Amino acid sequence: MMIEMKVTGLTIDPFSNMPIIVLKDLEEKSALPIWIGLIEASAIATELEKIQLSRPMTHDLMKNVLGVLRVEVEKVEISDLRDNTFFAQIFLKSADQKHVIDSRPSDAIALALRTSAPIFVDKKVIEKSRNIDMKKAGKEGEQKAKEEKWAEILENLNPDQFGKYKM
């Protein structure tokens, strides 16, 4: 079952200093943190802040190419989580064709934000994400405590806590 979600912010993992994009369902009952790279975080932050650059960056270029070709981003879906890796698809639609393109979630989200396309997450991904190994090293009990603490923090995040990257 797919659940529509929205970007509620971009934050930094205090343990690894890696960016995390946080999605929440429309009723803000479930949160999904996705660890992303610095470049992808920059692309998402640029769109969240509506920063206009003098030249198009990669996701802006993708949006422009799709527009010229009259192809619409119908939606993006985060469909699976395997071995701590998220999988996503971008659903494209033109006048006479539909295509599904494999994507990293960060790229799919960056494109969805630029095209105002809805973001959906499979319910099983949300459930699996609660069991992600936050750090592969360490004792199992400590790891479980960290996971539970992160789940609690992320589920209770308020958009005002995101600083300049809130939506």
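Which residue out of L66, L111 is under 18 Å from M2 (Cβ atoms), in contact (Cβ under 8 Å) with a residue 40 or more places away in the chain and surrounded by 15 or more Cβ atoms within 10 Å (Cβ to Cβ)?
On the way: L66 fails: under 18 Å from M2 (Cβ atoms).
Of L66, L111, the one residue that is under 18 Å from M2 (Cβ atoms), in contact (Cβ under 8 Å) with a residue 40 or more places away in the chain and surrounded by 15 or more Cβ atoms within 10 Å (Cβ to Cβ) is L111.
Which of (1) among the hydrophobic types (A, V, I, L, M, F, W, C); (2) more than 17 Å from I109 (Cβ to Cβ); (3) at pLDDT below 95 is the odd one out, the single condition V71 does not satisfy?
Evaluating V71 over (1) among the hydrophobic types (A, V, I, L, M, F, W, C); (2) more than 17 Å from I109 (Cβ to Cβ); (3) at pLDDT below 95 leaves (3) as the failure.
Looking at this structure, is A95 among the hydrophobic types (A, V, I, L, M, F, W, C), surrounded by 12 or more Cβ atoms within 10 Å (Cβ to Cβ) and touching a Lys or Arg at 6+ places or on another chain (Cβ under 9 Å)?
For A95, the condition - among the hydrophobic types (A, V, I, L, M, F, W, C), surrounded by 12 or more Cβ atoms within 10 Å (Cβ to Cβ) and touching a Lys or Arg at 6+ places or on another chain (Cβ under 9 Å) - is not met.
Mind checking whether some residue in the range 108-126 is among the hydrophobic types (A, V, I, L, M, F, W, C), part of a loop (DSSP other than H, G, I, E, B) and over 14 Å from I36 (Cβ atoms)? Before the answer, list the steps.
Taking the range 108-126 first, the residues among the hydrophobic types (A, V, I, L, M, F, W, C) are 108-113, 117, 119-121, 125-126.
Within this subset, residues satisfying the condition of being part of a loop (DSSP other than H, G, I, E, B) are 117.
Next cut, over 14 Å from I36 (Cβ atoms) only: 117.
So far as the range 108-126 goes, yes, one or more of its residues are among the hydrophobic types (A, V, I, L, M, F, W, C), part of a loop (DSSP other than H, G, I, E, B) and over 14 Å from I36 (Cβ atoms).
Out of V100, V7, V73, V22, I need the residue that is in a strand (DSSP E or B), over 12 Å from the mean Cα position of the chain (by Cα) and either surrounded by 17 or more Cβ atoms within 10 Å (Cβ to Cβ) or in contact (Cβ under 8 Å) with a residue 12 or more places away in the chain (or both). Which one?
Criteria check complete, one pass: V73.
For D80, indicate whether it is of a type in the set (D, E, K, R), assigned to a strand (DSSP E or B), more than 19 Å from I3 (Cβ to Cβ) and modelled with pLDDT of 95 or more.
Judged against the criteria, D80 is not a match.
The values are calculated or read from the model by the stated rules, or taken from the named source; none is laboratory data. Here the structure is a predicted model, which is why all the values come from computation and not from measurement. Heads up, the Cβs are rebuilt from the backbone with ideal geometry, glycines too, and the neighbour counts pull from every protein chain shown.
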